[in-house]
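Here's the structure, in structure tokens; my notes come after.
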Amino acid sequence: QARFVESGGDLVQPGGSLRLSCAASVDIFGIYSVHWFRQAPGKQREWVAGVDKDNTISYTDSVKGRFTISRDIARNTMYLQMDNLAPEDTALYSCRGRLGLHDYWGQGTQVTVAS
């Protein structure tokens, strides 16, 4: 069973940057779709960005131009570079790997944007 572990969350000032990591325990690229989600307090979880099995990368509109996905295939790790962060980006960020009908979630990493 695949395991996904997120890291990189922190407290950052508005306008700052963070890079989140999603490390998998198995080979994932070209096999799983791997996507980032976030959930702010009192709000529903929302999709942020991700890589599909065919290596297509997509982003939700609110992060386009600010967030960038990259991959280290040898390390089975996907990164989410987040620039120009705003308070509304504050949330628990989780990555989800999907293989067929099975979803594998990490525990999440907290991002807080505040001055």
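The values are calculated or read from the model by the stated rules, or taken from the named source; none is laboratory data. Given the structure is predicted, the values throughout are model-derived calculations rather than measurements. As a convention, Cβ positions derive from the backbone with ideal geometry for all residues, glycine included, and neighbour counts pool all protein chains shown. Accessible surface areas use protein heavy atoms only, side chains included; no ligands, DNA or RNA. Shrake-Rupley method; radii C 1.70, N 1.55, O 1.52, S 1.80 Å.
For the stretch 24-38, what are the residues that are within 18 Å of PHE67 (Cβ to Cβ) and either crowded, with 21+ Cβ neighbours inside 10 Å or without any contact (Cβ under 8 Å) to a residue 60 or more places away in the chain (or both)? VAL34, HIS35, TRP36, PHE37, ARG38 - these are the residues of the stretch 24-38 that are within 18 Å of PHE67 (Cβ to Cβ) and either crowded, with 21+ Cβ neighbours inside 10 Å or without any contact (Cβ under 8 Å) to a residue 60 or more places away in the chain (or both). Determine if the stretch 23-42 includes at least one residue that is within 23 Å of GLN1 (Cβ to Cβ), in a strand (DSSP E or B) and touching a His at 6+ places or on another chain (Cβ under 9 Å). Looking for residues that are within 23 Å of GLN1 (Cβ to Cβ), in a strand (DSSP E or B) and touching a His at 6+ places or on another chain (Cβ under 9 Å), one finds none in the stretch 23-42, hence no. Look at the stretch 54-69: where a residue is over 15 Å from ARG38 (Cβ atoms) and at pLDDT 95 or above and a partner is part of a strand (DSSP E or B) and open to solvent by 40 Å² or more (accessible area, probe 1.4 Å), sitting 6+ places away or on another chain with Cβ atoms under 8 Å, you get THR68/GLN81.
All of (1) touching a His at 6+ places or on another chain (Cβ under 7 Å); (2) in a helix (DSSP H, G or I) hold for SER62 with one exception: (1).
Only one entry in ARG71, ARG66 is of a type in the set (Lys, Arg), under 17 Å from LEU18 (Cα atoms) and open to solvent by 60 Å² or more (accessible area, probe 1.4 Å), namely ARG71. Count of the stretch 70-86 residues, restricted to those that are assigned to a loop (DSSP other than H, G, I, E, B) and without any contact (Cβ under 8 Å) to a residue 24 or more places away in the chain, is 1. Among the residues making up the stretch 98-115, those that are part of a strand (DSSP E or B), polar (S, T, N, Q) and either open to solvent by 40 Å² or more (accessible area, probe 1.4 Å) or free of Cβ contacts under 8 Å to residues at least 24 places away in the same chain (or both) are GLN110, THR112.
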